[in-house]
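Engineer: Pasting in a structure now, in structure tokens, and then I'll have a few things to ask.
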Amino acid sequence: MKIDIVSIFPGYFDVLELSLLGKAAKSKLVDVTVHDLRDATTDVHKSVDDTPYGGGAGMVMSPEPWGTMLDGVLQEDSWLVVPSPAGQLFSQSLAVEFSQAPHLVFACGRYEGIDQRVVEHYRTTHRVVEVSVGDYVLNGGEVAALAMMEATVRLLPGFMGNPESLVEESHEKGLLEYPSFTKPRTWRGLDVPEVLLSGNHDAIRTWREEQSLERTRQVRPDLLED
Ligand code: ADE
């Protein structure tokens, strides 16, 4: 999979070298290129923003450098992902969709966001998704893009040593994952649940399903409404 990222802070993505994604890049599962939006500016100050029409606080990112940059980066089959607190909520199912896309382009805005005409314009030629990573406001799309990329790349075939662990984890079946334990059997007076030591695989599966349901009921009852 090919991923391009456009940002005025390309240094944010240096962490990709360290993280799981670095591993994927080395194994050629994913090919990531980071672009500095300021390279698409034409004035001496390399300005990327301006005051909002209609007034109000903050600055809005100008459409011109975005258009120049994205015209160069987008290919026919690219999906344009625009992190925004005003977007649809990111989810495991969207991560699955992203992992099946041939090319993802993340357009990371700062300030009060990118002039909306950029999204409008590319919607006429590409699949464009405005996505929020949660109901809170970040200073820009960079951290959101990193989270979405990590959730996406780990789903690529060949990324996980043991693909079974993808099937069992939180959100894959619409529920939170059951609790996990490892050695020692007793730690600070706390015992591992007896059933996990029983060797009875049916009983273990049933216990895990119950735990998964109970955890979801307590922590995320909204997930059970669907
Ligand atoms: N940019 C600022 N806040 C964001 C959020 N919650 N999700 C995605 N992008 C953002």
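The values are calculated or read from the model by the stated rules, or taken from the named source; none is laboratory data. As the structure is a computational prediction, the values presented were derived from the model and not from experiment. A quick note on method: Cβ atoms are made from the backbone with ideal geometry, for glycine too, and the neighbour counts reach across all protein chains shown. These accessible areas exclude ligands, DNA and RNA; they are computed on the full protein's heavy atoms, side chains included. Shrake-Rupley method; radii C 1.70, N 1.55, O 1.52, S 1.80 Å.
Engineer: Can you spot the lysines whose alpha carbon is less than 22 Å from Lys26's alpha carbon? Ignore those fewer than 8 places along the same chain.
Structural biologist: The reachable lysines, counting only those whose Cα sits under 22 Å from Lys26, are Lys2.
Engineer: With every protein chain left in place, what is the accessible area of Trp207 in Å² (1.4 Å probe, nearest 10)?
Structural biologist: Its heavy atoms expose roughly 40 Å² to the probe.
Engineer: Keeping all protein chains in the complex and leaving out DNA, RNA and ligands, what accessible area do you get for Lys46 with a 1.4 Å probe, in Å² to the nearest 10?
Structural biologist: Looks like 90 Å² after rounding.
Engineer: Using the alpha-carbon centroid of each, what span in Å lies between the stretch 85-152 and the stretch 211-226?
Structural biologist: The stretch 85-152 and the stretch 211-226 have Cα centres separated by 27 Å.
Engineer: For a quick check, take a GNM of the chain with Cα springs below 10 Å and name the residue from Asp191, Asp14, Asp71 with the largest mean-square fluctuation.
Structural biologist: With Cα springs under 10 Å in the chain, the top fluctuation among Asp191, Asp14, Asp71 is at Asp191.
Engineer: Between Arg123 and Thr182, what is 0.36 nm times their sequence separation minus the Cα-Cα distance? Round to one decimal in nm. Please list the in-between numbers first.
Structural biologist: Details: separation 59, 0.36 × 59 = 21.24 nm, distance 4.87 nm.
Once the chain is fully extended between Arg123 and Thr182, it gains 16.4 nm.
Engineer: Shifting gears a bit: Taking 0.36 nm per residue of sequence separation and subtracting the Cα-Cα distance, how much length would be gained by fully extending the chain between Ser165 and Thr68, in nm to one decimal? Walk me through the intermediate numbers first.
Structural biologist: Working: separation 97, 0.36 × 97 = 34.92 nm, distance 4.17 nm.
Difference between extended and current length: 30.7 nm.
Engineer: Would you grab the residues whose amide H sits under 5 Å from the one on Val129? Only those 5+ places off in sequence or on another chain, please, with H modelled 1.01 Å from N.
Structural biologist: Hits under the 5 Å cutoff: Leu80, Val81, Val82.
Engineer: Hand me the chymotrypsin sites (Phe, Trp or Tyr not before Pro) from the stretch 10-53 located in a DSSP loop with no more than 11 other Cβ atoms within 10 Å, in residue order please.
Structural biologist: On the way: sites: Tyr12, Phe13, Tyr53; in loops: Tyr53.
Passing both the DSSP loop test and the Cβ count: Tyr53.
Engineer: For Leu29 and Glu210, what does the FRET efficiency come to when R0 = 41 Å and r is the distance between their Cβ atoms, rounded to the nearest 0.05?
Structural biologist: Working: r = 36 Å, r/R0 = 0.88.
Once rounded, the FRET efficiency stands at 0.70.
Engineer: In the Gaussian network model of the chain, springs joining C-alpha atoms below 10 Å, which of Glu150, Glu76, Glu64 carries the largest mean-square fluctuation?
Structural biologist: Glu76
Engineer: Also, quick follow-up: Report, in debye and to the nearest 20, how large the dipole of the stretch 1-152 comes out about its Cα centre when Lys and Arg carry +1 and Asp and Glu carry -1 on their Cβ. Write out the running numbers ahead of the final one.
Structural biologist: Working: 10 positive and 21 negative charges, 75 e Å.
That gives the stretch 1-152 a dipole magnitude of about 360 debye.
Engineer: Give the accessible surface of the stretch 43-176 per residue, rounded to a whole number of Å², with probe radius 1.4 Å and ligands, DNA and RNA excluded.
Structural biologist: Numbers: 7030 Å² over 134 residues.
I get 52 Å² per residue for this part.
Engineer: Right, something else. Just the number, please: carbon plus sulfur as a percent of the accessible area of the chain, 1.4 Å probe, no ligands or DNA/RNA counted. Intermediate values should be presented prior to the final figure.
Structural biologist: Details: 7040 of 13500 Å².
Roughly 52 percent of what the probe reaches on the chain is carbon or sulfur.
Engineer: Does the stretch 1-42 come out rounded, prolate or oblate by the C-alpha gyration tensor, with a ≥ b ≥ c the root eigenvalues, rounded set by a/c under 1.5 and, if not, prolate when a/b is larger than b/c and oblate if not? Walk me through the numbers before you get to the answer.
Structural biologist: Details: a/c = 4.35, a/b = 1.95, b/c = 2.24.
Since a/c reaches 1.5 but b/c is at least a/b, the shape of the stretch 1-42 is classed as oblate.
Engineer: With θ taken as phi - 60° and the coefficients 6.51, -1.76 and 1.60, list the Karplus ³J(HN,Hα) couplings across the stretch 195-212 in order, rounded to whole Hz; mark glycine and proline as x.
Structural biologist: 4, 6, 9, 6, x, 8, 5, 5, 5, 5, 4, 4, 4, 5, 4, 5, 4, 4
Engineer: Quick one: Karplus J couplings for the stretch 67-72, per residue in order, coefficients 6.51, -1.76, 1.60, θ = phi - 60°, nearest Hz, x for Gly and Pro?
Structural biologist: So the Karplus estimates, Gly and Pro as x, are x, 4, 5, 5, 4, x Hz.
Engineer: Just how much of Ser93 is accessible, in Å², when a 1.4 Å probe is used and the result is rounded to the nearest 10?
Structural biologist: Estimated to the nearest 10 Å², Ser93 gives 80 Å².
Engineer: Give a residue-ordered list of calculated ³J(HN,Hα) values for the stretch 166-182 (Karplus: 6.51 cos²θ - 1.76 cosθ + 1.60, θ = phi - 60°; whole Hz; x for Gly, Pro).
Structural biologist: Couplings: 6, 5, 7, 7, 3, 6, 5, 10, x, 10, 7, 6, 5, x, 10, 9, 9 Hz.
Engineer: Something else: Which order do Met149, Met59, Met1 take when ranked by solvent-accessible area (1.4 Å probe, heavy atoms of all protein chains), largest first? Let's see the in-between values first.
Structural biologist: On the way: Met149 0, Met59 65, Met1 45 Å².
Ranked from most to least accessible, the order is Met59, Met1, Met149.
Engineer: So if each residue of separation counts as 0.36 nm, and I subtract the Cα-Cα distance between Val219 and Tyr53, what length gain in nm does that give? Can you show the working numbers first?
Structural biologist: Values: separation 166, 0.36 × 166 = 59.76 nm, distance 4.24 nm.
Stretched fully, the Val219-Tyr53 segment lengthens by 55.5 nm.
Engineer: With a cap of 11 neighbouring Cβ atoms within 10 Å, and only residues DSSP puts in a loop, list the chymotrypsin sites (Phe, Trp or Tyr not before Pro) found in the stretch 118-191.
Structural biologist: Numbers: sites: Tyr122, Tyr136, Phe159, Phe181, Trp187; in loops: Tyr136, Phe159, Phe181.
Sparse-neighbourhood loop chymotrypsin sites (Phe, Trp or Tyr not before Pro): Tyr136.
Engineer: Probe radius 1.4 Å, ligands and nucleic acids left out: which of Glu209, Glu169 has the largest accessible area, and how do the rest follow?
Structural biologist: Details: Glu209 115, Glu169 30 Å².
So the residues, ranked largest to smallest area, are Glu209, Glu169.
Engineer: Right, here's the next one. Classify the chain from the C-alpha gyration tensor, please: rounded if a/c falls under 1.5, else prolate or oblate depending on whether a/b exceeds b/c.
Structural biologist: On the way: a/c = 2.54, a/b = 2.09, b/c = 1.22.
Prolate.
Engineer: Whose amide H sits under 5 Å from the amide H of Ile5, counting only residues 5 or more places off or on another chain, with H placed in the peptide plane?
Structural biologist: For Ile5, the qualifying residues are Thr33, Val34, His35, Phe106.
Engineer: Within the stretch 82-120, which chymotrypsin sites (Phe, Trp or Tyr not before Pro) sit in a loop by DSSP and count at most 11 neighbouring Cβ atoms inside 10 Å?
Structural biologist: Numbers: sites: Phe90, Phe98, Phe106, Tyr111; in loops: Phe90, Tyr111.
Sites meeting the loop and neighbour criteria: none at all.
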